[in-house]
Every structure is written in structure tokens, then in C-alpha cells.
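The structure appears right after this line, and notes come after that.
The values are calculated or read from the model by the stated rules, or taken from the named source; none is laboratory data. Just so it is clear, the structure is predicted and the values come from calculations on it, not from any experiment. All Cβ positions, glycine included, derive from the backbone under ideal geometry; neighbour counts span all protein chains shown. The accessibility values were calculated without ligands, DNA or RNA, using every heavy atom of the protein model including side chains. Shrake-Rupley method; radii C 1.70, N 1.55, O 1.52, S 1.80 Å.
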Amino acid sequence: MSTPTPEPPERGDFIREIVAADVREGRVGEVVTRFPPEPNGYLHIGHAKSICLNFGVAREFGGRCHLRFDDTNPIKEEQEYIDAIEADVRWLGFDWGEHLYFASDYFEQLYEWAVHLIEAGKAYVDDLSADEIRAHRGTFTEPGRESPWRDRPVEENLDLFARMRAGEFPDGARVLRARIDMAAPNINLRDPVLYRILHAEHPRTGDAWCVYPTYDFAHGQSDAIEGITHSLCTLEFEDHRPLYDWLIENLPVPSRPRQYEFARLNLTHTVVSKRVLMRLVDRGLVHGWDDPRMPTMSALRRRGFPAEGIRDFARLVGVAKADNTVEVEMLEHCVRTVLNRTAPRRFGVLDPLRVVLTDYPEGKVEEMDVPNNPEDPQAGTRKVPFSRELWIERADFMEEPVCKFFRLAPGREVRLRSAYFITCREVVKDREGRIVELRCTHDPATRGGDAPDGRRPKATLHWLSAAHAVPAEVRLYGHLFADPYPGADGGDIFASVDPESEKVLSGALVEPSLAELPVGETVQFERLGYFCPDPDSVPGAPVFNRTLTLKDTWAKLQQRSRQAQGA
RNA sequence: UGGGGCGUAGCCAAGUGGUAAGGCACCGGGUUUUGGUCCCGGCAUCCGGAGGUUCGAAUCCUCCCGCCCCAGCCA
């Protein structure tokens, strides 16, 4: 695993400007950041932005970035997620080297610091129930009320806290709270809970603990322990910064990290919320966390989105503080840009229509040389078998061609890519009137796709030799939600999943070279889009996922005329 | 409502007192053995609004409006 090749210098967003100034003015030596996921779900495209930011800043400033699991809530966390998150970050192209950490590694130190706070009269054990604490917290406009246990003697606090740890009390019986200010206008400062009793098995520490620190008590101190210089998080933690600073200032921590907040990423036609994604999976509205329609990293990977494209996207959207919802088209553009450059071109026919070349010898097979990637001459060519009976795309023929339709039609000549020009002579239909076959002739002088007389058909079609084509299942994916802002209208977001977002084609055919494409390789089916083999493939029965379609001007024209007629 | 943030094109986003970058999307045109790619051109007289300071304001000041976050023993 290596870090991605250095990309063009990142634009100086406000975070990078702060870091640059800190370095320039000597406030920090080595820049140290961290990506701090909670292992309670899978990473999604929003996390990718954070990963790219944290690892990107560290790399650009010659520092390092830690991967630290914020595993302070054993009720929700699982080893499965830890493993998946590590794999996702690595896949995205980042390397944390030796710097893999867990907040749970610091439980003992954190406990000692809690004791330190108690001894300093800055924390106390509260016997109030969760409901009572809530009732005492006050509201946005009314100050909170102090707990009757707030002025407990230090010794009693120490004793009780030790007994909390020893497991003498049931869940929820008592908590440790910071002693700050119940009248603070910032609710996070109204004696926040630092420790709670949770008799739960922790994926890393097992049953060693039954008291667990809250996020607020664990995060900043973990940053300090690791020497994090810039602790980057999302906007909703802005209100927590005074508490983050209060703890750092009141504890004998080894360093003084600073927290900075940026706006999280939102994307149209999908949802970036672990909670909602979890329910989509649980309700069976998608096939799993890695259903190619999901915005999770594992799904994007399965869908064939290259990591480089996702990194490019993260750079393109920038980092700022304004709430934003980026159009998914921008992500798709980044993916297409990478794939256009790297994906080998292949032939695949999604909806086959038989073509018989009446003037081509039966039994004859030619190996046509077809370029692997016109964008990259180095990619060379491959052999694709050609014969008398072919398959073309049903959508590439129109018996009564409409205006602007350039493809095959009765009497019309088109080019079969890297093969021959063919002319449609006859349309064969079944009793229902459905077109089942086209009888065409070819021009032997156009072998390879060029005419000696310089004539140039208006269309070039992809094709497959019927005798050599390999059957494949092809899964077409679109946006999970047709609505660009799912749920924004207050409706049931789960009812608005687009049933058309997944279409499975069982009758597709691909060229012979695709029979055993390894998972992870995304190819372009010429004129159609990018496709990648799905792990569901078995030898001889490949399954392809459509990553994205190619941009399609013809489809746009059709849609425009359809709308014109409809309206 | 108290606190914390944010408002620059349809969507992101630069801009830090000297006269509105860039990308996506969209609309034209050219090239093309992918209706792809690529190339060329168009797309904010205006920066949430109103005042004010200044020779000069998206940038400074004042007031107003709108949107987001916070009342978990989640993160």
C-alpha cells in the first residue's frame, strides 16, 4: 500500500491557511492530524471528504495522519466495522503507517484524568437519573439547575467513581460530570457527562471496563495524547469547542491540540447519514451496505468508482463552512474523467438484435483488431472475432428513423467499429410484428472500418459475433433516489427509493475477452458506459455492474423531444 | 427563544478595500472509426437586503432578512 502519487497542490482552503500560518509562525512543528471514525457503521462518501482532508493536509505539510477509532460506546461498535473502515481508508489510497490507535487504548489514562478533575473539584459523581439530568439542564432560554449532588466532598466523589469502575452500580445509576456552569448559555458547558456506566462487552477491551468516557471527554484528550496539532471535525461540533478547550486547559495533558470545524458533504439523489443508510439496509430496500446504489465506500468500490476519482472529487468540492449539497453530477464527472483515461474499451450488447450478413461466407471467422483505448495508443489493440451472424444493440436500429437518428435503418449504411460498413437490406419480424433479425450486406473494401473512397457513415456501432458472444448478467444502476433532495419535502424517505434505480438484464452479451475479467477492473463498453465485474460473477457466467453511462447526447435529444411532445 | 455558525451563478467555490478565479451543470460551434473524449465560445454590471464610511466596497461599519446546528448517560 502506498500513498497516492502527489497530486497538484491543494487549493488553500481556510483549514490549510490556518495550518500554513501555524507552521510559518512556529506554533507547530510537525503537522499531525487524525481521521477519527466511530466503528459503528460503514464509511461513506462524506467520510471520504474528511479522510482526504486529514490525510491530504498531513501529506502536504510533511506531517502525519493517524487513524484513530473513537470506540467509546461499546453498545454500537463492532470489530466488523473496524476491519471494513481500515480496508476502505486503504482502498481510498491512504496509509497511516504505524499510527493506528483506539480511544480505548487510553481508557486507563482517561480514567486517571477524570480522577484528577475530581481532586481539583472540577468533576463530581451525580446520582440523578438520565431524565432528571435532562430536566435539570434547562432550556435554550432558561438556565439549568444544579444537581443536589454537585457539591459532594472530593473523597466521596473519589470513592463513588472508583466503585462505578468496580462495577458496583447498574447501568445509568450514576455518572461523572464536569463541574462547569449550569447557567452557561452554551448547553454543552452545563456540567456535561464525562463517564457513564455501561455493562457492555467492548470489541477491544472486552469486559475490562464498565464505565466508558463520553465523546467529549475522550476525543480532545486522545488528540492531546497523540500530539494531534489540528483536530478537524464537522460543524456540529463547533458548540463543543469551548468544552474541548476547557478539558485541555484543566488537565495535565501532554500537548495542546486545536479543533477546527468544516462543513460536511451532502450529495444530491442520495443520503449521507449512517442512521438512514443503516435503515435502508435493515429494511431490505437495498441489498446491503455495499449495494452499488449506496454512497458507502464499499458500494462505490463495488460499483467501479476508482479511488482516484473520489479523491479528485474531494479536492474539487473544497473545504469551507457553508452548508452545501453538491450535485452528484460532479462526482460522476470525476469518475468519468479517470475512467475515460484508464478503462480498456470492450464490446458489450445489452439488448441484442440479430444481424445476418447475407453476403458474408458461412463458417468464416475473422479476427478484427480493435483499439483498447483511443485515449491511450500505448494500450494497444485486441482481437475480436467477426462472422456472418452478429448481434448489435436493438436501440441502434429504427425501422422508421426519426429526424437526427443517425444509426442503422432500412437501406442505410453504418460502420461496425473496426470491422466493416454494413447496409440494412431487410427487416425480419415475428408474427407479433416484433423485429427479430436484420438482413444486411457488407462492403469487403471497408475492412477495419475505413472506406477507400472516403465515405463516412454518420454512425459507428459496436457489435458481437453471435457464435462467440458470452452471455452475461448486467446490472444497471441509477440514483438511489429520483428526488435530488430525498426527504426534504418531509415525506417518508424510505418510500422514495427509486424502484428503477436497479435494473437487472439477463440477456446481455459481451465479447470473449470479458469472460473472466477480474473484479476490480472497470472497462468501458463502447458507446454505452463503464462496467465492472461484480463479485457475484462465477466462471463462465460473468455479472457486470454499470458504473456510469457515458454522456449521451442522443439520449438527451430524445428526452428533449419527448418532453416537447408531452408538454 | 439563549448560544454557535453560515449567506458570491442552477450546484460547489475563489476572493482578505482597487473594480467578480475556477470547476460541475447548461447552451451553441469544431474535430472524431464511441452521438464518448478533445477543442473553441456563451453563461453574476453583480456578491442575502437596506443604509453608511471611502476617490474606490463582495471585502470596513450599522441595522435588517434568511438558512443550519445545540436541550443523548450518541458521535
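Looking at region A:346-441, what strands (runs of 3 or more DSSP E) fall wholly within it and have at least 1 residues that are more than 21 Å from A:V470 (Cβ to Cβ) and within 16 Å of RNA strand B (Cβ to nearest atom)?
Per the criteria, A:413-416, A:421-429.
What's the number of the condition A:P471 fails, among (1) open to solvent by 40 Å² or more (accessible area, probe 1.4 Å); (2) of a type outside the set (D, E, K, R); (3) in a loop (DSSP other than H, G, I, E, B)?
With (1) open to solvent by 40 Å² or more (accessible area, probe 1.4 Å); (2) of a type outside the set (D, E, K, R); (3) in a loop (DSSP other than H, G, I, E, B) applied to A:P471, the lone miss is (3).
On the basis of being part of a loop (DSSP other than H, G, I, E, B), closer than 21 Å to A:V349 by Cβ, within 11 Å of RNA strand B (Cβ to nearest atom) and over 37 Å from the mean Cα position of the chain (by Cα), does A:G449 make the cut?
So A:G449 passes the test.
State which residue is surrounded by the most Cβ atoms within 10 Å (Cβ to Cβ) when the search covers only region A:342-389 and only residues that are β-branched (V, I, T) and touching a helix residue (DSSP H, G or I) at 6+ places or on another chain (Cβ under 9 Å).
Result: A:V349.
If a residue must be near RNA strand B (Cβ under 9 Å from one of its atoms) and over 17 Å from A:D351 (Cβ atoms), how many such residues does region A:524-567 contain?
Total meeting the criteria: 6.
Within region A:171-183, work out how many residues are under 13 Å from A:Y195 (Cβ atoms) and either open to solvent by 30 Å² or more (accessible area, probe 1.4 Å) or within 10 Å of RNA strand B (Cβ to nearest atom) (or both).
Residues in region A:171-183 being under 13 Å from A:Y195 (Cβ atoms) and either open to solvent by 30 Å² or more (accessible area, probe 1.4 Å) or within 10 Å of RNA strand B (Cβ to nearest atom) (or both): 7 in total.
Evaluate the following for A:D207: is it open to solvent by 20 Å² or more (accessible area, probe 1.4 Å) and either more than 7 Å from RNA strand B (Cβ to nearest atom) or in contact with a Ser or Thr (Cβ under 6 Å, 6 or more places away or on another chain) (or both)?
For A:D207, the condition - open to solvent by 20 Å² or more (accessible area, probe 1.4 Å) and either more than 7 Å from RNA strand B (Cβ to nearest atom) or in contact with a Ser or Thr (Cβ under 6 Å, 6 or more places away or on another chain) (or both) - is met.
Looking only at region A:9-55, count how many residues are in a loop (DSSP other than H, G, I, E, B) and of a type outside the set (K, R).
Residues in region A:9-55 being in a loop (DSSP other than H, G, I, E, B) and of a type outside the set (K, R): 18 in total.
If A:D223 satisfies all but one of (1) within 13 Å of RNA strand B (Cβ to nearest atom); (2) open to solvent by 30 Å² or more (accessible area, probe 1.4 Å); (3) acidic (D, E), what's the number of the condition it fails?
(2)
Residue pairs, Cβ under 6 Å, 6 or more apart or interchain, first in region A:259-276 and modelled with pLDDT of 95 or more, second open to solvent by 10 Å² or more (accessible area, probe 1.4 Å) and of a type in the set (F, W, Y). List them.
Sorted first by the residue in region A:259-276, then by its partner, the pairs are A:Q259/A:Y244; A:E261/A:F237.
In region A:260-271, what residues are assigned to a loop (DSSP other than H, G, I, E, B), near RNA strand B (Cβ under 8 Å from one of its atoms) and farther than 15 Å from A:G478 by Cβ?
A:A263, A:N266
Check off (1) within 28 Å of A:T205 (Cβ to Cβ); (2) away from RNA strand B (no atom under 14 Å from the Cβ) for A:S104 and give me the number that stays unchecked.
So the condition that A:S104 fails would be (2).
Looking at region A:339-359, is at least one residue free of Cβ contacts under 8 Å to residues at least 40 places away in the same chain and farther than 24 Å from A:V543 by Cα?
Within region A:339-359, none of the residues are free of Cβ contacts under 8 Å to residues at least 40 places away in the same chain and farther than 24 Å from A:V543 by Cα.
Which ones in region A:481-520 are among the acidic types (D, E), within 23 Å of A:F305 (Cβ to Cβ) and without any contact (Cβ under 8 Å) to a residue 24 or more places away in the chain?
A:D498, A:E500
Looking only at region A:122-137, filter to residues that are open to solvent by 30 Å² or more (accessible area, probe 1.4 Å) and in contact (Cβ under 8 Å) with a residue 40 or more places away in the chain; which one of those is farthest from RNA strand B (Cβ to nearest atom)?
A:K122
Please verify whether region A:58-77 includes one or more residues that are open to solvent by less than 20 Å² (accessible area, probe 1.4 Å), in a loop (DSSP other than H, G, I, E, B) and small (G, A, S).
No.
State whether one or more residues within region A:334-341 are open to solvent by less than 30 Å² (accessible area, probe 1.4 Å), closer than 23 Å to A:D498 by Cβ and not assigned by TED's automatic domain parsing to the domain that holds A:G93.
yes
Report the residue count in region A:144-170 for those that are touching a Lys or Arg at 6+ places or on another chain (Cβ under 8 Å) and open to solvent by 80 Å² or more (accessible area, probe 1.4 Å).
Looking only at that region, the number is 0.
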